[in-house]
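The values are calculated or read from the model by the stated rules, or taken from the named source; none is laboratory data. Remember, predicted model here, so these are calculated numbers, not experimental data. Every residue, glycine as well, gets a Cβ built from its backbone with ideal geometry; the counts of neighbours run over all protein chains shown. Only protein heavy atoms, including side chains, enter the accessible area calculation; ligands, DNA and RNA are left aside. Shrake-Rupley method; radii C 1.70, N 1.55, O 1.52, S 1.80 Å.
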Amino acid sequence: MGVYLVSIGAEEWFGDEEGGWGEVASTLNAELERRGMPPYLDVPAETDFAPGSGQAFEEKMAPLMTGFLALCETHLSREETETLCGWTVLVPFSLHEEIWLPIDADDHDSMVAGAPQVLPLAERLAAAIDLPSDVPATCDNLDLSRWFRDRRKEPAAPRTGAWSKDLDAAFYVAVFLRAAQHSIRRGCPMVYS
């Protein structure tokens, strides 16, 4: 089982059926309007799965986050860490500050963050650990999970750089980096499911 970080298309984002994000979409648009911002209506339709196409994003958030949170503590402020990894919904446009929406099933607010604010924080961590350039750029179907799993099977000696010292932490750096990039590139929201 586990928690997945996924991109969603317009049908699911605006959908009112169970499992749809319609309540989030309408509540977010009302809050954006209240702040004098345009509503978020231009959500792309979901496309058919095509490996390597970069049209979808799906990663399982399974490894322990202990090393990643320690990395955040070293390189980011507390507020920056919250922006980077405390969101429930990531949107592809800039938000001057996070938006808290009272719509979560667990009776606490859900945070909406802007990918343009998340991206530079993830890039800072990627630079700090010298994340290698061959980390998959698209994550259609657990591509990052597979890539890091394959690195675990290799002997440690050929791996160089700070990223190789804690593969779980490097995985989360890559996930948040690629999620923000995907959201901006595709113009789609990212959510946990």
Rounded FRET efficiency, nearest 0.05, which uses the C-beta distance separating residue 160 from residue 109 and R0 of 30 Å: 0.10
Stretch in the chain that is longest and holds no GluC sites (Glu not before Pro) that DSSP places in a loop and that have at most 12 other beta carbons within 10 Å: 98-193
Most mobile listed residue (161, 54, 86) in the chain, GNM with C-alpha springs under 10 Å: 161
Debye intensity ratio I(q)/I(0), log10, region 1-143, q values 0.12, 0.18, 0.19 Å⁻¹ (C-alpha model): -0.57, -1.31, -1.43
For the chain, built as a Gaussian network whose Cα springs stay under 10 Å, the top-fluctuating residue of 142, 121, 177: 142
Kirkwood-based Rg to Rh ratio, region 143-193, C-alpha trace: 1.07
Cut-off 10 Å between beta-carbons: net charge of the residues surrounding residue 58, Lys and Arg +1, Asp and Glu -1: -2
109, 16, reordered so the largest accessible area comes first (probe 1.4 Å): 16, 109
Estimated 222 nm signal from helices in the chain, with DSSP H stretches of n ≥ 4 weighted -39500 (n - 2.57), rounded to 500: -13000 deg cm²/dmol
Most fluctuating residue given options 89, 112, 135, as computed from a GNM of the chain linking Cα atoms under 10 Å: 135
Rounded accessible area of residue 37 (nearest 10 Å², 1.4 Å probe): 50
Cut-off under 5 Å, modelled amide H: who pairs with residue 110 long-range: 101, 103, 104
